[in-house]
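> One structure is given below, represented as structure tokens, and several questions about it will come after.
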Amino acid sequence: MTTVADSTDRSRKAEQADRTRANLMVVARSLFAERGYAGTATEEIVQQAGVTRGALYHHFRDKRDLFEAVFIEVQAEMRERIGTASRNAAGEPWDKFRAGFDVYLDHSMDPTVRRILLLDAPSVLGWERWREVDASLAMLRNGLTGLRTSGHLDPSMGIEEIAHLLRGVASEAAHMIALASDAAGTRRAVGDAVDRLLQSVRA
């Protein structure tokens, strides 16, 4: 028979487990962003988080699993920023779509996004897994569907094909910015080129 005390004890343990996991994520995110995946030791993560290695392995299979969780978290934040920019942008649906693209390119200069999303994720997660958990394709599909509905997308072009191609454009553009010695200058040049490419699919 389950007592109130048993339920309270389980609730406390669950809360503690949630706090431990969140703490590991915060520490790992900071270290991954600063030093990269290869330069971050598991031992340093647990030391800074103030937990045991057993606690880490209770929540994550290994360092790679922890990195994937951090990647998904950072990506979700990016998705929210892009969505907010698109919703708040003035003008026609096309302007809102472009605003989302701009936010993605702008954040290529952010150290956390640069290191975790752009530089380390493809090699750490592997090409197939990276593509599987990457949310950009779904966002592009949704954006292009909205443009098609509003009459702003060239009707001769298929949404699925354009979504895949634009994901490639966005990825390469972001990597160019992230790897450039002059990130701000490259952002401007790449942004201009992306603008011209996007105009080719506009109705």
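> What percent do you get for the relative contact order of the chain when only Cα pairs under 8 Å and 6+ apart count? It would help to have the intermediate numbers written out before the result.
On the way: 167 pairs, mean separation 38.9, N = 203.
Contact order relative to length: 19 percent.
> Enter the Cα centre distance for the pair region 84-130 and region 175-192, rounded to the nearest angstrom.
Rounded to whole Å, the Cα centres lie 14 Å apart.
> Nearest 20 debye, what's the magnitude of the dipole of the chain about its Cα centre given +1 on Lys and Arg Cβ and -1 on Asp and Glu Cβ?
Values: 27 positive and 29 negative charges, 39 e Å.
Value, rounded to 20: 180 debye.
> Rounded if a/c is under 1.5, else prolate if a/b beats b/c, else oblate: with a ≥ b ≥ c from the C-alpha gyration tensor eigenvalues square-rooted, which is region 4-124?
oblate
> Return K13, K96 ranked ascending by Cβ neighbour count within 10 Å, so the fewest neighbours appear first.
On the way: K13 10, K96 20.
If I rank by nearby Cβ atoms, fewest first, I get K13, K96.
> Taking H as built 1.01 Å from N, whose amide H comes closer than 5 Å to the amide H of L153, not counting residues under 5 places away?
When sequence neighbours closer than 5 places are left aside, the close amide H contacts are R148, A203.
> How would V46, V113 line up from fewest to most surrounding beta-carbon atoms within 10 angstrom?
In increasing order of surrounding Cβ atoms, one gets V46, V113.
> Right, something else. Angle, helix 4-35 long axis vs. longest principal axis of the chain, Cα atoms, 0 to 90°, nearest 10?
50 degrees
> Can you tell me the order of 34-43, 101-110 when each peptide is scored by its average per-residue count of other Cβ atoms within 10 angstrom, highest first? Could you put the intermediate results ahead of the total?
Numbers: 34-43: 14.1, 101-110: 19.3.
Top of the packing list down: 101-110, 34-43.
> Mind listing the phi-derived Karplus ³J(HN,Hα) values for region 82-87, rounded to whole Hz, using 6.51, -1.76 and 1.60 with θ = phi - 60°, and x for any glycine or proline?
5, x, 5, 4, 5, 5
> Note down the Stokes-Einstein diffusion coefficient of the chain in µm²/s, whole number, using a Kirkwood radius over alpha carbon pairs, 25 °C, and 0.890 mPa s.
It diffuses with D of about 129 µm²/s by this estimate.
> Let me ask another. With 5 Å bins from zero, work out the P(r) of region 1-60 over every alpha carbon pair and list the percent per bin.
Calculated over all Cα pairs of region 1-60, the distribution is 4, 19, 23, 18, 12, 8, 7, 4, 3, 1, 0 percent.
All of the numbers you see were taken from the coordinates with simple rules; none came from a lab. All values derive from a computational prediction rather than experimental measurement. Virtual Cβ from ideal backbone geometry, glycine too; neighbours counted across all protein chains shown.
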